[in-house]
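Visitor: Dumping the structure here so I can ask a few things about it.
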Amino acid sequence: MKRLLSLSLLALALVPADCFAKVYTLSSPDSHIKLTVTEGKCITYDVSRDDVRLLDGASASMTLAGGKVFGADARASKVQRRSVDQTVTTVVYRKKQVRDCFNELTLKYKEYDVVFRAYDKGIAYRFVAHAKAPFKVQSEQADFAFAGDWNMYVPYVSQHLETIESQHMNSFESRYDHTPLSAWDKSRLAFSPMMVNEPSGLSMLIMEADLMDYPGMYLYNSDGDSTLEGHFAHKPKDVHQGGHNMLQMLVDSREDYLAEYDRKDVSFPWRIVAVGENDAAVADNDLVYLLATPQDPNEDYSWVRPGKVAWDWWNNWNIIGVDFKAGVNTDTYKYYIDFASKNGIEYVILDEGWAVNKKADLFQIVPEINLEQIIAYAEERNVGIILWAGYHAFDRDMEKVCKVYSEMGVKGFKVDFMDRDDCDMVDFHRRAAQMCAKYHMMVDFHGTYKPTGLSRTYPCVINNEGIHGLEQMKWSTIEVDQVEYDVTVPFIRFAAGQADYTQGAMRNGTKSTFHTSNSEPMSQGTRCRQLAEYVVFYSPLNMLCDSPSAYMKEPECTKFIASIPVDWDETMILDGKAASHIVTARRHGDDWYIGGLTSWKERDVELDLSFIGAGKYQAVLYKDGKNASKNANDFAIEELTIDTGKPLTVHLAPGGGFALVLKK
């Protein structure tokens, strides 16, 4: 009997492991999206929408130091399924309520779980460790195997191209290359979100959510095939102070692992494949927000106050007609405060220059600035003060900085020049958000990676950069096509969350008239394009990038910008295609705001307003002027009564835009 048992075990050992693979299926609540998960040498999964295969054999695993692999040659000891359909009420987001509806599959193993979710607008998965602490994550396999060699919009890392590893230090401000998967530039990493277009018209976004103390995901294609591979920066080992004005911590060497943990239970980031029937549909999803850790229900964030900001840096403190020399000084900021107060603008920012240069010390203030006087002057006029801070200056004494300046009356910080997303820097963002929440201060993360849902966990995270914003136009020539970027980024980067784009230029240029300038910068495209961006781009702390002097010359535009809300009850993308055009509608109370942008191609946009409901609205339409194709500053304002049962056609000049305000 023992002999027969031994022979049976030998025969069993000779059978390929894949013969024992277990297959699980999961569908979205509306049944359009199907996810098939297979256990084997690693966990693989397929994704389809209706009859179209999107991912074919995508693979996922995690390797710990010591060689243990989550997801390899394993059979789940327990399988759990659940369905959720609930409504999430937001604190600061592009919608006041978000439906959270999904089907979930959890595969439970001895030391880890793998959780899959299927939503109507995509799928997501994550690993959850229950390993014995302490432990280190050596590497992660996150391979997105697309079913064909399809076109994609790639935000390649633009800095430090000598080696792949050196690209982990970058500003996350790249534009998009439109290229097939197989034509990937193997010398470069790219970051997420990234869009891939299936030939029948379906669109996908690769994203991540709930990134805490783990490196952010880059994407790479090493084989020139149709598989994108997740790529992750290793944990910093040796760092030194340097970089921009000695405000950064530069990495000299890295460990041979991604992250380490001294706790048993660790939930790793969600890997997301958002899916839509077209570009507009895939961009209009809430998966990053929904998959983030909810805020602590015991914490009150009613003090968080979204708003607009009179900003100094982009316009180079360029004000005229005053009896003092404009610059980083008390008189200049009083002037900005007066402008903000008069126009109902909630904040003024003191950007770089108020603290002594190259000291990385936020308690050394330049003698030209009387900060206490500025704060008191602003408070008397119902204007809040926000302070710019370099990363290292903020991090080196974070609690003292937050405590002292909150007690002085400062409302928040704009923290800049992180330029990394390894595990240490990601953890800095969490620590900074937590500390700012403790002292009731908002934080705008500039010089950083895309949002991954931290603003849901800590609603005081009021904004993020991680975008090729209008600041680039201070030094970029017309060869940098910002107009095309403006009608691409809403479908990709903005799908992940808010962005500090910093629109509002009152000097506007066509292809032939645009030029760079530090003190009198301008935008590409028309004036109404700048107005429309306050609707199309979501930014709960929204800059007015130009100077008070420029806005005073343009009272109609200033009135529009100053009055437009920054927090919304409802948001939808009505129409659009990446690199072509976009039309977005947002509701605040009973009022609707609709904005549209086009590429350098002029077009007529027909607005079907029936989604608002039957009725008549008093409306104001800001549209490109008859001569906007020659003079980008030309615009017109039309007051009209709109019957929402009838379509409205608006003409957009090359590089143009429109903004429509409807009130009952």
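Visitor: Can you count the Lys pairs in the range 482-612 with C-alpha separation below 24 Å, eight or more apart or on different chains?
Guide: Values: LYS511/LYS553; LYS511/LYS577; LYS511/LYS601; LYS577/LYS601.
Within the range 482-612, the lysine pair count is 4.
Visitor: When the dipole is taken about the Cα centre of the range 319-466, and only Lys, Arg (+1) and Asp, Glu (-1) are charged at their Cβ, what size is it in debye, to the nearest 20?
Guide: Details: 17 positive and 23 negative charges, 54 e Å.
So the magnitude is around 260 debye.
Visitor: With both partners inside the chain, how many of the DSSP beta bridges are antiparallel, as a percent to the nearest 5?
Guide: Values: 138 of 162 bridges.
In the chain, DSSP labels about 85 percent of beta bridges as antiparallel.
Visitor: With a Cα-only, solvent-free Debye model of the chain, what are the log10 I(q)/I(0) values at q = 0.06, 0.09 Å⁻¹?
Guide: Values, matching the q order: -0.34, -0.76.
Visitor: Next question. Quickly estimate the mean residue ellipticity at 222 nm for the chain, helices only: each DSSP H run with n ≥ 4 gives -39500 (n - 2.57), and the total goes over all residues, rounded to 500.
Guide: Working: 14 runs with 116 residues, N = 664.
Value at 222 nm, helices only, nearest 500: -5000 deg cm²/dmol.
Visitor: Right, another one. What is the spread of the Cα atoms of the range 417-562 along each of their three principal axes, largest first, in whole Å?
Guide: Sorted from largest, the Cα extents of the range 417-562 read 46, 32, 27 Å.
Visitor: Also, I was wondering about something else. Enter the angle in degrees (range 0 to 90, nearest 10) between the Cα long axis of helix 527-536 and the first principal axis of the Cα atoms of the chain, meaning the one along which they spread out most.
Guide: The two axes meet at around 40 degrees.
Visitor: Can you order the peptides 623-635, 28-40 by their average number of other Cβ atoms within 10 Å per residue, highest first?
Guide: Numbers: 623-635: 20.2, 28-40: 18.2.
Highest to lowest by the protection proxy: 623-635, 28-40.
Visitor: Can I ask one more? Along the positive direction of the dipole of the chain (beta-carbon charges: Lys, Arg +1; Asp, Glu -1; about the Cα centre), which of VAL404, CYS557, GLY243 reaches farthest?
Guide: The residue sitting most towards the positive pole is VAL404.
Visitor: Which order do peptides 285-293, 110-118 fall in by mean Cβ count within 10 Å, highest first?
Guide: 285-293, 110-118
Visitor: Now, a different point. Which whole-number percent is the relative contact order of the range 427-473 (Cα, under 8 Å, 6+ apart)? All intermediate terms of the calculation are to be shown ahead of the outcome.
Guide: Details: 49 pairs, mean separation 17.6, N = 47.
Worked out over the range 427-473, it gives 37 percent.
Visitor: If you find the alpha carbon centre of the range 341-375 and of the range 609-664, how far apart are they in angstrom?
Guide: Rounded to whole Å, the Cα centres lie 39 Å apart.
Visitor: Give me the distance in nm between label points sitting 7 Å out from Cα along the Cα-to-Cβ direction at ASP643 and LYS359, one decimal.
Guide: 6.8 nm
Visitor: So, for the range 115-229, what is the accessible surface per residue at a probe of 1.4 Å, expressed in square angstrom?
Guide: Details: 3570 Å² over 115 residues.
Accessible surface, normalised per residue, equals 31 Å².
Visitor: When only C-alpha pairs under 8 Å and at least 6 residues apart count, what is the relative contact order of the chain, in percent?
Guide: 11 percent
Visitor: Using unit Cβ charges (K, R positive; D, E negative) and no other charged atoms, how large, in debye to the nearest 20, is the dipole of the chain about its Cα centre?
Guide: 1220 debye
Visitor: Can I ask one more? What does the highest-first list of 56-66, 415-425 look like by mean Cβ count within 10 Å? It would help to have the intermediate numbers written out before the result.
Guide: Numbers: 56-66: 18.4, 415-425: 24.1.
Per-residue mean Cβ counts within 10 Å order the peptides as 415-425, 56-66.
Visitor: Keeping the other protein chains in place, figure out the carbon and sulfur percent of the accessible area of the chain, with a 1.4 Å probe.
Guide: Working: 11900 of 25320 Å².
Of the solvent-accessible surface of the chain, carbon and sulfur hold 47 percent.
Visitor: Sticking with this one: Sort out for me the Cα centre separation of the range 218-244 from the range 267-284, rounded to whole Å.
Guide: 22 Å
Visitor: Report, in debye and to the nearest 20, how large the dipole of the range 87-152 comes out about its Cα centre when Lys and Arg carry +1 and Asp and Glu carry -1 on their Cβ. List each step's numbers first, then the result.
Guide: On the way: 11 positive and 8 negative charges, 82 e Å.
It comes to approximately 400 debye.
Visitor: With the cut-off at 22 Å, tell me which of the pairs LYS95/LYS450; LYS41/LYS237; LYS95/LYS663; LYS96/LYS308 have Cα atoms farther apart than that.
Guide: Details: LYS95/LYS450 19 Å; LYS41/LYS237 32 Å; LYS95/LYS663 19 Å; LYS96/LYS308 19 Å.
Long pairs (Cα-Cα over 22 Å): LYS41/LYS237.
Visitor: In the range 357-394, what trypsin sites (Lys or Arg not before Pro) fall in a loop by DSSP, with at most 12 other Cβ atoms inside 10 Å?
Guide: Working: sites: LYS358, LYS359, ARG381; in loops: LYS358, LYS359, ARG381.
Passing sites in the range 357-394 are LYS358.
Visitor: Something else: How far, in degrees from 0 to 90, does helix 2-14 lean away from the longest principal axis of the Cα atoms of the chain, to the nearest 10?
Guide: Orientation of helix 2-14: about 30 degrees from the principal axis.
The values are calculated or read from the model by the stated rules, or taken from the named source; none is laboratory data. Please read all numbers here as calculations on a predicted model, not as lab measurements. Reconstructed Cβ throughout: ideal geometry from the backbone, glycine too, with neighbour counts over all protein chains shown. What goes into the accessible areas is simple: the full protein's heavy atoms, side chains included, and nothing from ligands, DNA or RNA. Shrake-Rupley method; radii C 1.70, N 1.55, O 1.52, S 1.80 Å.
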